[in-house]
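Student: Below: one structure in structure tokens.
We did not get these values from a lab; they are worked out from the coordinates using the rules stated. Keep in mind that what you see is a predicted model, and the values were worked out from it rather than measured. Here the Cβ positions follow ideal geometry from the backbone for every residue, glycine too, while neighbour counts run over all protein chains shown.
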Amino acid sequence: MKNFFKMLFSPILNRLESGDDEYSYRPSHRKILAVMGFLFIIIASVAAYFGMATGIIESLLPITLFGVIGLICLMVVWLGSDKAVSKIWRNR
């Protein structure tokens, strides 16, 4: 299952894992990225709830924006290497 998702998200993961430069990684970076991913998903869910409750079509922008950012964070935490997590934080 994990290999299928790695193949599915390979365009994003390959971009984050490419290069030969050095990087600085600590396990806390992955934990903080996971928390941030969940927070972005919660924000997208709250925006979706209030967007549907009020019927405002403009709520699709924050729903999409926060949802995609949250999914990318969680995808990098689950599937990405230490270098990918480090590149998200720009630790080089």
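Student: Given the options 89, 55, 40, identify the residue whose Cα lies farthest towards the positive end of the charge dipole of the chain (+1 on Cβ of Lys, Arg; -1 on Cβ of Asp, Glu).
Tutor: The residue sitting most towards the positive pole is 89.
Student: What residue among 75, 52, 36 has the largest mean-square fluctuation in a Gaussian network model of the chain, using Cα springs under 10 Å?
Tutor: Among 75, 52, 36, the largest GNM mean-square fluctuation belongs to 52.
Student: Mean-square fluctuation check for the chain, GNM, Cα pairs under 10 Å: which of 16, 71, 61 is largest?
Tutor: Among 16, 71, 61, the largest GNM mean-square fluctuation belongs to 61.
Student: Work out from phi, with θ = phi - 60° and the Karplus expression 6.51 cos²θ - 1.76 cosθ + 1.60, the ³J(HN,Hα) of each residue of segment 29-37, listed in order in whole Hz, and give x for Gly and Pro.
Tutor: Result, rounded to whole Hz: 4, 5, 5, 5, 5, 5, 4, 4, x.
Student: Still on this structure: Quick one: what does P(r) look like for the chain with 5 Å bins over all Cα pairs, in whole %?
Tutor: Histogram of Cα-Cα distances, whole percents per bin: 3, 14, 21, 18, 17, 11, 8, 5, 2, 1.
Student: Using DSSP to define loop residues, name the GluC sites (Glu not before Pro) in segment 7-79 whose beta-carbon has at most 11 other beta-carbon atoms within 10 Å.
Tutor: Passing both the DSSP loop test and the Cβ count: 22.
Student: In debye, nearest 20, what is the charge dipole magnitude of the chain about its Cα centre with +1 on Lys and Arg Cβ and -1 on Asp and Glu Cβ, if you could check?
Tutor: The calculation lands at about 240 debye.
Student: Karplus couplings for segment 39-51 from phi (6.51 cos²θ - 1.76 cosθ + 1.60, θ = phi - 60°), rounded to Hz, Gly and Pro as x?
Tutor: Taking θ as phi minus 60°, the curve returns 5, 5, 5, 5, 4, 5, 5, 5, 5, 5, 4, 6, x Hz for segment 39-51.
Student: Related question: Points 7 angstrom from Cα along the Cβ direction at residue 90 and residue 53: gap in nanometres?
Tutor: Calculated label separation equals 3.6 nm.
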